[in-house]
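One structure below.
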Amino acid sequence: MIKIMEGINNLGATCAINSLIQMICRNDKLRTIILNANVNEGTLTSELKEVLHLIHNEKKSLTPNKFINNFYLIFKGIFNRFEQIDINELWLYMIDKIHEETSYKLNIDNSDSKDIYQSTINTFNNNKTSGLLELVQGSFINVISCSNCNHKSHSFEPFITLAVDIQENKTIADLIFGTMTDENRERDEWKCENCNGNHNYMKMKRIWKFPEILVISLNRFKDIYNKDNSEVFVNEKLNFIIDDTNHYNYRLKSMGLHYGNLNGGHYMSICEINNETFNLYNDENVNTINKNDFLKSNTAYLIIYQLNRS
């Protein structure tokens, strides 16, 4: 392996933060959104913008004292110094905060909207959007079909990460499709809005909107002590074929790796630098890595894919 620069020094249980910064930095879409953000000093976005500039534009390794100090002030009461941080939780909090700092109000009236999907999403997002949210937010459609009258009711559910359960020696594609199986349900408290009766029904869940940046989190933890270290195969590419004209093709961009448990673990990240070249980021240590060494993994925990527009 060839040692290179652009690492981030660990300042005491900051490996999850360092790993996620590298994953954001090595993704051209996410990095550009942050670097182009017009935000006030002292915000998380401005602090992250400074770090990304140093490691990407100036190709520097760094000790991010200023960023870490401000990070724990911004997330006071949520994340505490020298305590382990879950990278999946960190991703969600950072996305939410950056969205909050960069969002703008939509000038719309959802009450008059005939687009039920868009009205639902706008309401969920408090009628705000941002460049970052538009990159990372996808949505599910949930369909319930009544066995008595065949009426179908629909609801929409936004997501930032797609959480999947682990099955050993399965691919990420298998795990994603495993979340979208149809389920036949016996009559219970559910009542059909059309025939107004309690009947058997079928539940179906599908991805409705495919985001530009698709983030997968693996449900490795049953609790803070018990972790599923089963191996999974990480697809280099994901292909979703909806119909003849709607294909969504994703390319692997980065992976957050977790070793140990949440009370005594360590994070690293693997990121694509250019076509067919990946680096392993272990705090201040950065080395190239062969794809054959990580596509079969028992440490992959947070995985980022990017929609391939070519």
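For segment 11-55 versus segment 175-217, the inter-centroid distance based on Cα atoms is 36 Å. Springs between Cα atoms under 10 Å define the GNM used for the chain, and in it the highest mean-square fluctuation of SER155, SER61, SER269 occurs at SER155. Legend note: in the chain, cysteines whose Cβ sits 4.7 Å or more from every other cysteine Cβ are CYS15, CYS25, CYS271. Panel order for SER254, SER103, by other beta carbons found within 10 Å of each beta carbon, from fewest to most: SER103, SER254.
Legend: ranking of residues LYS170, LYS203, LYS253 from fewest to most surrounding C-beta atoms inside 10 Å; resulting order LYS203, LYS170, LYS253. From the alpha carbon centroid of segment 245-278 to that of segment 125-163 is 25 Å.
Here the dipole of the chain is about 280 debye; that uses its Cα centre as origin and unit charges on the Cβ of Lys and Arg (positive) and Asp and Glu (negative).
Using R₀ = 30 Å, calculate the FRET efficiency as 1/(1 + (r/R₀)^6) where r is the Cβ-Cβ separation of ALA173 and GLU89; round to 0.05. About 0.75, to the nearest 0.05.
Considering segment 175-310, its Cα convex hull presents a mean projected area of 12.2 nm². Take the Cα radius of gyration of segment 23-64 and divide it by 2.2 N^0.38 Å, N being the number of residues; the result is 1.08.
This model, with +1 at the C-beta of Lys and Arg and -1 at the C-beta of Asp and Glu, gives segment 234-310 a dipole about its Cα centre of some 60 debye. Legend: ranking of residues THR161, THR299, THR123 from fewest to most surrounding C-beta atoms inside 10 Å; resulting order THR123, THR161, THR299.
Sorted by mean Cβ packing within 10 Å, highest first, what order do the peptides 189-195, 7-13 take?
Values: 189-195: 12.7, 7-13: 18.0.
Packing proxy ranking, top to bottom: 7-13, 189-195.
Compute the FRET efficiency between ILE141 and ASN308 as 1/(1 + (r/R0)^6), taking r as their Cβ-Cβ distance and R0 = 22 Å, and round to the nearest 0.05. Working from the Cβ atoms, E equals 0.40.
No lab work stands behind these numbers, since they all come straight from the coordinates. Owing to the predicted nature of the structure, the values given are computational and were not obtained by experimental measurement. Every residue, glycine among them, receives a Cβ derived from its backbone with ideal geometry; neighbour counts consider all protein chains shown.
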